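Working notes, structure below.
The values are calculated or read from the model by the stated rules, or taken from the named source; none is laboratory data. Note that the coordinates shown come from a computational prediction; the quantities given were computed from them, not determined experimentally. With ideal geometry, Cβ positions are generated from the backbone for all residues, glycine too; neighbour counts draw on all protein chains shown. These accessible areas exclude ligands, DNA and RNA; they are computed on the full protein's heavy atoms, side chains included. Shrake-Rupley method; radii C 1.70, N 1.55, O 1.52, S 1.80 Å.
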Amino acid sequence: MTNPLFIGLDIGASRTKVAVIDMNGSLMGHAVNKSGTDFSLTAAACLDRALEMAGATRSRVLRAVSTGYGRTNVSFITNTSKTEIGCLARGCHHAFPEAITVIDIGGQDNKIVKLDSAGRRSSFKMNRKCAAGTGAFLEEMASRLDLPLERMNDLARQSDDMVKLGSYCTVFSATEVLENIRHGKKVSDIVKGIFYSVIKRVLEMDSLTERVVMSGGVVAHNPYIVEMAAEMIGRPVLLPEFPQLAGAIGAALYARDDKSQGES
Amino acid sequence: MADESKTGRKKIQATDTMNRLMADYFYGLNEAAKSGRQKVAWCTSVGPAELLRAMGFAVHFPENHAALLGATRMSTDLIPAANAIGYSPDICSYLTADVGAHLTGITPLAKAYPGIEAVPRPDVLVYNTNQCRDVQDWFAWYARELNVPCIGISSPKNIGAVTDAHIDDVARQMEALIPTLEEIAGARLDMDRLRETVSLSRECTELWKRVLETATVTPAPLTFFDGTIHMGPAVVLRGTREAIDYYTVLLAELEERIAEGAGAVDGEQYRVYWDGMPVWGRLRQHSELFAGLGANVVASTYCSSWIFPAFDGNDPIRSMAKAYLELFIVRSDSYKEQYIQEMLRKFRIDGIIYHDAKTCPCNSNSRYGLPQRLETKTGIPNLVISGDLNDLRCVSDEQTKTNVEAFIELIEEGK
Ligand code: SF4
């Protein structure tokens, strides 16, 4: 096949992401959608949108790899899957080929993955059972504040007197938020406090190495979180061009290199 | 057994023999409690079972019962009954499952063994806090509920070297149990019988050790998950001839497997060490998960905890005191670190999994930096998984699966 394409499908609990790459690993097309209740249907729709962006059809797809929570639900395109930790590592190392610590803040979970300069994982951590520090936490807090999610980033930026939330737990944090509303605190200060809490929860998970990369939907939509994190860590944080697609791109790279699925 | 071969796991033939042995044990206990011909003592799993057996008690182990509740996945529905009377969801889920079962009038024994209706009623409850305080609180609940005497040993904890002072203390506490036990048993302790029982326990323990050490060979002829089942006799029948006979049979089968080069997991590629409790309600899933990835969990702290090298028939009480103090769970973190490091060497381990069990802090060894220290020393990667022994409300199957798969990928990358 001339100019074959490789697909990575990252079917997360909250969002489905698809990346289309060529033989050189260049991103040719991509799409993101809410995962919804039919993972297979959502993935198929995302795939077609991403291919359209690449100006191609499914006939040019040579191999695909899936990852994420719904990774086994896409047999229409592939039965080969990799863990989201592996794909995330691969995608971020592709963007930053050096020794890095990846912090990924997703809709349902957080991950910290440490990679050596060759991209080999030396350790990884996933958050524990609760939603603290994840996108789900932000969504819950936005609904408590009756705010659309997209407004949080700008609001947090406007804060000049951040409110501190002390609790781990989403339910307790919600109570703290209500308490602050009652005391007449400004919404922007509360939102910044919520961002701060997300970063704290993630930084508690593991120690960091020198170069830190952030990825995931939460940082893609809230770049201010990255700025705050950099300030808290005390050094700059790297961000791939498409932070939300890191896992999908990683899966597509695995697809490109996975000769066991068949040659062109 | 079709499933087992599908995921590349092999059945141990001696299992049927063990099942018969365990059935005889439970029927014997039931008969003792019903007929009153033999007094019944309840004992903690690393309590002074030899003393009780030598004094003629039929011995029931509530932890064994609680593990059955877990393995049959009955526990998660029963735990709330204990929570509701003030026993927190954060404390030992063996305790809460077992108390919940009592409150609800349910036992897995009734289902497995027709004719048995209930757990054998105790005449005395005997604990040793060498493992945790929860066992004492657990037995204290039954003491109030059933109006039965509850006696035991308060053991030192977190010790490095086991010293004479520790042994003197525990031996004296054991001796102090004897008058009460004699009164309940209605007979004097026969020292010769105690010597013999301790000697039998020693023999049992040596065989169990050899059974576990067959897994030092590659491919290993058994898995941690097999071990959690086959350790039954080492727990509930130590001090009896039957346990020794059983492990002789099991050992022969495993040695035969080694001679044939037959591993418990087809195409064993990765050798994993498990620290902490098993997730009883997920034994099968976990066993399939690892086997499906070409990984064998070849060794564990848990199964190895029923190896008691100190037992000595010539000095029964002091050697029991020593044996029950030398246990991993009683020891300091620096001892634990050395112990695991030695296991990693002996079993040629590629990666360690620490099970952080929500309700069992004493068996969750990842909470004071031990994994990080050991990884720095040995370079062997580790993974901590959050879960629980019996309360499946604390277990996330999806997270466990992703974590384990990613861990095996990591090991593979590093090979
Ligand atoms: S050691 Fe853990 S599982 Fe065993 S009785 Fe104590 S708290 Fe329960």
First in the range B:325-352 and on the phi > 0 side of the Ramachandran plot, second anywhere and surrounded by 20 or more Cβ atoms within 10 Å (Cβ to Cβ), Cβ under 9 Å, 6 or more apart: B:Arg348/B:Arg271; B:Arg348/B:Val298
The listed residue being buried (at least 16 other Cβ atoms within 10 Å of the Cβ), under 25 Å from B:Pro149 (Cβ atoms), away from the ligand (no atom under 14 Å from the Cβ) and touching a residue at least 24 places away in the same chain (Cβ under 8 Å), out of B:Pro108, B:Pro122: B:Pro122
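Show me the helices (runs of 4 or more DSSP H) entirely contained within the range B:69-176 in which 1 or more residues are among the acidic types (Asp, Glu) and over 19 Å from the mean Cα position of the chain (by Cα).
Working: elements: B:75-84, B:93-104, B:108-112, B:134-146.
In the range B:69-176, B:75-84, B:134-146 are the helices (runs of 4 or more DSSP H) which contain 1 or more residues that are among the acidic types (Asp, Glu) and over 19 Å from the mean Cα position of the chain (by Cα).
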Boolean, B:Lys322 is more than 16 Å from the chain's Cα centre (by Cα), modelled with pLDDT of 95 or more, part of a helix (DSSP H, G or I) and within 16 Å of the ligand (Cβ to nearest atom): no
Some residue of the range B:389-403 being without any contact (Cβ under 8 Å) to a residue 12 or more places away in the chain, in contact with a Ser or Thr (Cβ under 8 Å, 6 or more places away or on another chain) and either open to solvent by 20 Å² or more (accessible area, probe 1.4 Å) or within 10 Å of chain A (Cβ to nearest Cβ) (or both): yes
The range B:367-386 residues that are touching a residue at least 24 places away in the same chain (Cβ under 8 Å) and part of a loop (DSSP other than H, G, I, E, B), paired with ones that are open to solvent by 50 Å² or more (accessible area, probe 1.4 Å) and of a type in the set (Lys, Arg) (beta carbon under 9 Å, 6 or more apart): none
Only one of A:Ser81, A:Ser75 that is open to solvent by 70 Å² or more (accessible area, probe 1.4 Å) and either at negative phi or in contact with a Lys or Arg (Cβ under 8 Å, 6 or more places away or on another chain) (or both): A:Ser75
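Any residue in the range A:51-67 that is within 24 Å of A:Val198 (Cβ to Cβ) and open to solvent by less than 10 Å² (accessible area, probe 1.4 Å)? Break it down into steps so the answer makes sense when it comes.
First pass over the range A:51-67, keeping only residues within 24 Å of A:Val198 (Cβ to Cβ): A:67.
Narrowing further to those that are open to solvent by less than 10 Å² (accessible area, probe 1.4 Å): A:67.
Looking for residues that are within 24 Å of A:Val198 (Cβ to Cβ) and open to solvent by less than 10 Å² (accessible area, probe 1.4 Å), one finds at least one in the range A:51-67, hence yes.
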Count of the range B:244-284 residues which are part of a helix (DSSP H, G or I), small (Gly, Ala, Ser) and open to solvent by 10 Å² or more (accessible area, probe 1.4 Å): 2
Residues of the range A:24-74 satisfying the condition of being within 14 Å of another protein chain (Cβ to nearest Cβ), under 20 Å from A:Lys259 (Cα atoms) and of a type in the set (A, V, I, L, M, F, W, C): A:Val65
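Do the conditions hold for B:Pro316, that is, is it in contact (Cβ under 8 Å) with a residue 60 or more places away in the chain, more than 15 Å from the chain's Cα centre (by Cα) and buried (at least 21 other Cβ atoms within 10 Å of the Cβ)?
On the way: in contact (Cβ under 8 Å) with a residue 60 or more places away in the chain: yes; more than 15 Å from the chain's Cα centre (by Cα): yes; buried (at least 21 other Cβ atoms within 10 Å of the Cβ): yes.
Yes; evaluated as a whole, the condition is true for this residue.
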B:Ile340, sole failed condition from (1) within 13 Å of chain A (Cβ to nearest Cβ); (2) over 28 Å from B:Ala82 (Cα atoms); (3) surrounded by 21 or more Cβ atoms within 10 Å (Cβ to Cβ): (1)
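Which members of the range A:173-222 meet the condition of being basic (Lys, Arg) and outside any helix (DSSP H, G or I)? So that I can check it myself, show each step before the final result.
Step one: of the range A:173-222, the residues basic (Lys, Arg) are A:182, A:185-186, A:192, A:200-201, A:211.
A:Lys185, A:Lys186, A:Arg211 - these are the residues of the range A:173-222 that are basic (Lys, Arg) and outside any helix (DSSP H, G or I).
Specify which of the listed residues (B:Gly186, B:Gly160, B:Gly239) is out of contact with any Leu (no Cβ under 6 Å at 6 or more places or on another chain) and under 30 Å from B:Val279 (Cα atoms). Reasoning before the result, please.
Numbers: B:Gly186 fails: under 30 Å from B:Val279 (Cα atoms); B:Gly239 fails: out of contact with any Leu (no Cβ under 6 Å at 6 or more places or on another chain).
Just a single option satisfies the conditions, and that option is B:Gly160.
The rows are residues; the columns are (1) within 14 Å of the ligand (Cβ to nearest atom); (2) over 24 Å from B:Leu389 (Cβ atoms); (3) not assigned by TED's automatic domain parsing to the domain that holds B:Arg73.
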| position | (1), (2), (3) |
| --- | --- |
| B:Arg133 | yes, no, no |
| B:Arg144 | no, yes, no |
| B:Ser154 | no, no, no |
| B:Lys157 | yes, no, no |
| B:Asp169 | no, yes, no |
| B:Pro179 | no, yes, no |
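Determine, yes or no, whether B:Gly292 is open to solvent by 20 Å² or more (accessible area, probe 1.4 Å) and not hydrophobic (A, V, I, L, M, F, W, C). Explain how you work it out, then say what you get.
On the way: open to solvent by 20 Å² or more (accessible area, probe 1.4 Å): yes; not hydrophobic (A, V, I, L, M, F, W, C): yes.
Yes; evaluated as a whole, the condition is true for this residue.
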Residues that are within 14 Å of another protein chain (Cβ to nearest Cβ) and free of Cβ contacts under 8 Å to residues at least 40 places away in the same chain, drawn from the range A:114-151: A:Leu115, A:Asp116, A:Ser117, A:Ala118, A:Gly119, A:Arg120, A:Arg121, A:Ser122, A:Phe124, A:Arg128, A:Lys129, A:Ala131
Number of the exception - B:Val46 against (1) open to solvent by less than 20 Å² (accessible area, probe 1.4 Å); (2) more than 29 Å from B:Ala357 (Cβ to Cβ): (2)
Among residues of the range B:369-388, those that are within 16 Å of the ligand (Cβ to nearest atom) and away from chain A (no Cβ under 13 Å), counted: 0
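With the structure loaded, tell me whether B:Leu383 is modelled with pLDDT of 95 or more, assigned by TED's automatic domain parsing to the domain that holds B:Pro219 and either farther than 27 Å from A:Gly70 by Cα or open to solvent by 30 Å² or more (accessible area, probe 1.4 Å) (or both) or whether it fails that test. Please lay out each step first, then the result.
Working: modelled with pLDDT of 95 or more: yes; assigned by TED's automatic domain parsing to the domain that holds B:Pro219: yes; either farther than 27 Å from A:Gly70 by Cα or open to solvent by 30 Å² or more (accessible area, probe 1.4 Å) (or both): no.
No: the conditions fail for B:Leu383.
Residues are listed down the side, and each one gets a yes or a no for (1) open to solvent by 20 Å² or more (accessible area, probe 1.4 Å); (2) closer than 27 Å to B:Val297 by Cβ; (3) not hydrophobic (A, V, I, L, M, F, W, C):
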{"site": "B:Gln173", "(1), (2), (3)": "yes, no, yes"}
{"site": "B:Thr197", "(1), (2), (3)": "no, no, yes"}
{"site": "B:Trp208", "(1), (2), (3)": "no, yes, no"}
{"site": "B:Glu213", "(1), (2), (3)": "yes, yes, yes"}
